[in-house]
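The values are calculated or read from the model by the stated rules, or taken from the named source; none is laboratory data. This one's a predicted model, so the numbers in the text were calculated from it and none came from an experiment. Positions of Cβ are generated from backbone atoms using ideal geometry, with glycine treated the same way; all protein chains shown enter the neighbour counts. Keep in mind that these areas ignore ligands, DNA and RNA; they rest on the heavy atoms of the full protein, side chains included. Shrake-Rupley method; radii C 1.70, N 1.55, O 1.52, S 1.80 Å.
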Amino acid sequence: MLTILFSAPDALWNQYEEVLPAALSAKRVDGTLVRDADPAAVDYIVYAPNDRLHDFTPFTKARAVLSLFAGVDRIVGNTTLTQPLTRLVDPGLAEGMVEWVTGQVLMHHLHLDRNLGAAPHWVQNAPPLARDRRVTLLGLGELGMACADMLRALHFDLRGWSRSAKDAPFPTSHGTDGLKQALDGAEIVITLLPDTPDTRNILNAESLRWPARGAVVINPGRGPLIDDEALLAALADGRIGHAVLDVFRVEPLPADHPYWAHPRVTVSPHIAAVSRPTSASLVVAENIRRSEASEPLLFLVDRSRGY
Ligand code: NAP
């Protein structure tokens, strides 16, 4: 019988304590899910950032650490973690991100809020069709590509950017040299990148000059992707028209942060896409099954890349 340590905040235990054992049984994994155990007896660690576990050294027998989150920026640099680390790629998570991103894009493409609470003032200012709206996706991974499929289905004029070259059905560029090409003239910019030393402040005083004047920035990726001071300056001079921010350097966003009161910033409390316990549990259980069957793990994090 395997000992599987659930090392995550209490709120997640409430969500997973029934569905994860059910997923283990569905995958015919003979294991007990526990909240506490002698570290030397633990076979697998199901993990989300928490206050209790920082040192992985005593887990001498653990064969993998399985993240319940897609982003692993808070654990990937932990030097005590020598076991294989997997991240979450979950159909429920992707579906949620597609809905949130598409909703935000359509909101700003169609100006759906333009007449909310407005005084009587009949101005017919119809938006262009989506095919005439330039949208750029920074990040073409699991979530970026899922959003790209939906935005393409709506006919948006899409561009994409990633670390490595992609064979995609829309124009893409890659690497540091390809960023300007991706952002040039974009009217809506979506950041779905991980937080790594290479992506930090990718939207900065220089790169925020490349989109079209008045562009909308939508960040469901990670807070450090944006240089906050540069964004506030770009908003102040109109280069950026609006920012929709779901993630921040410090979360919860401090009450005195200028984003809260800014009339052209939408603050969203890190809810763009949450892991869905039922589908996420099946992904975790499948990886434990694979490990026990000496099959390759799915969604292994590459420590050298940081994602
Ligand atoms: P992923 O599959 O690992 O994709 C990451 C993408 O970023 C890849 O296309 C990758 O390029 C690109 N990238 C990484 N470093 C780069 C660099 N230096 N230059 C250019 N492109 C770079 O990740 P995912 O599952 O799509 O998730 C993306 C991020 O979304 C996560 O890391 C997490 O931070 C965030 N997230 C947020 C929420 C939320 O609720 N707000 C929920 C889930 C996830 P390659 O394709 O060439 O590798």
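Quick notes on this one:
- Just so you know, in the range 221-251 the residues that are small (Gly, Ala, Ser) and assigned to a loop (DSSP other than H, G, I, E, B) include one that is farthest from Ser162 (Cα to Cα), and it is Gly238.
Okay, residues lined up against (1) within 16 Å of the ligand (Cβ to nearest atom); (2) free of Cβ contacts under 8 Å to residues at least 40 places away in the same chain; (3) in contact with a Pro (Cβ under 7 Å, 6 or more places away or on another chain); (4) within 16 Å of Asn287 (Cβ to Cβ):
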position	(1), (2), (3), (4)
Asp10	no, yes, no, no
Pro21	no, yes, no, yes
Asp30	no, yes, no, yes
Arg35	no, yes, no, no
His54	no, yes, no, no
Ala70	yes, no, no, yes
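- Top-ranked residue in the range 72-93 [being buried (at least 20 other Cβ atoms within 10 Å of the Cβ) and within 11 Å of the ligand (Cβ to nearest atom); ranked as farthest from Ile188 (Cα to Cα)]: Val76
- Selected residue (only one of Gly185, Gly223 is without any contact (Cβ under 8 Å) to a residue 60 or more places away in the chain and open to solvent by 20 Å² or more (accessible area, probe 1.4 Å)): Gly185
- The one condition in (1) open to solvent by less than 70 Å² (accessible area, probe 1.4 Å); (2) closer than 25 Å to Glu292 by Cβ; (3) modelled with pLDDT under 95 that Ala118 fails to fulfil: (2)
- The residue list Ser275, Ser291, Ser304 contains one member that is open to solvent by less than 70 Å² (accessible area, probe 1.4 Å) and at pLDDT below 95, which is Ser275.
- Residue count for the range 168-201, restricted to those that are more than 20 Å from Ala273 (Cβ to Cβ) and either of a type outside the set (Val, Ile, Thr) or in a loop (DSSP other than H, G, I, E, B) (or both): 22
- Hey, Val101 touching a residue at least 12 places away in the same chain (Cβ under 8 Å), open to solvent by less than 70 Å² (accessible area, probe 1.4 Å) and not assigned by TED's automatic domain parsing to the domain that holds Asp246 or not: no
- Yes/no for Leu282 being under 30 Å from Val42 (Cβ atoms) and open to solvent by 30 Å² or more (accessible area, probe 1.4 Å): yes
- Test: residue in the range 246-265 that is of a type in the set (Val, Ile, Thr), farther than 24 Å from Thr86 by Cα, open to solvent by less than 70 Å² (accessible area, probe 1.4 Å) and over 21 Å from the mean Cα position of the chain (by Cα): no
- Single residue of the range 84-118 satisfying the filter (within 22 Å of His242 (Cα to Cα) and part of a loop (DSSP other than H, G, I, E, B)) that is farthest from the chain's Cα centre (by Cα): Ala118
- Restricting the range 203-220 to residues that are open to solvent by less than 20 Å² (accessible area, probe 1.4 Å) and in a loop (DSSP other than H, G, I, E, B), the residue that is farthest from the ligand (Cβ to nearest atom): Pro211
- Just one of the numbered conditions (1) polar (S, T, N, Q); (2) under 21 Å from Ala94 (Cβ atoms); (3) without any contact (Cβ under 8 Å) to a residue 60 or more places away in the chain is not true of Thr136: (3).
Every residue, every condition in (1) touching a residue at least 40 places away in the same chain (Cβ under 8 Å); (2) closer than 19 Å to Arg305 by Cα; (3) of a type outside the set (A, V, I, L, M, F, W, C), yes or no:
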{"residue": "Gly160", "(1), (2), (3)": "no, no, yes"}
{"residue": "Arg163", "(1), (2), (3)": "yes, yes, yes"}
{"residue": "Gly175", "(1), (2), (3)": "no, yes, yes"}
{"residue": "Gly178", "(1), (2), (3)": "no, yes, yes"}
{"residue": "Asn201", "(1), (2), (3)": "no, yes, yes"}
{"residue": "Glu206", "(1), (2), (3)": "no, no, yes"}
{"residue": "Trp210", "(1), (2), (3)": "no, no, no"}
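- Residue count for the range 171-192 under the criterion of being out of contact with any helix residue (DSSP H, G or I) (no Cβ under 7 Å at 6 or more places or on another chain) and either of a type outside the set (S, T, N, Q) or near the ligand (Cβ under 8 Å from one of its atoms) (or both): the result is 12.
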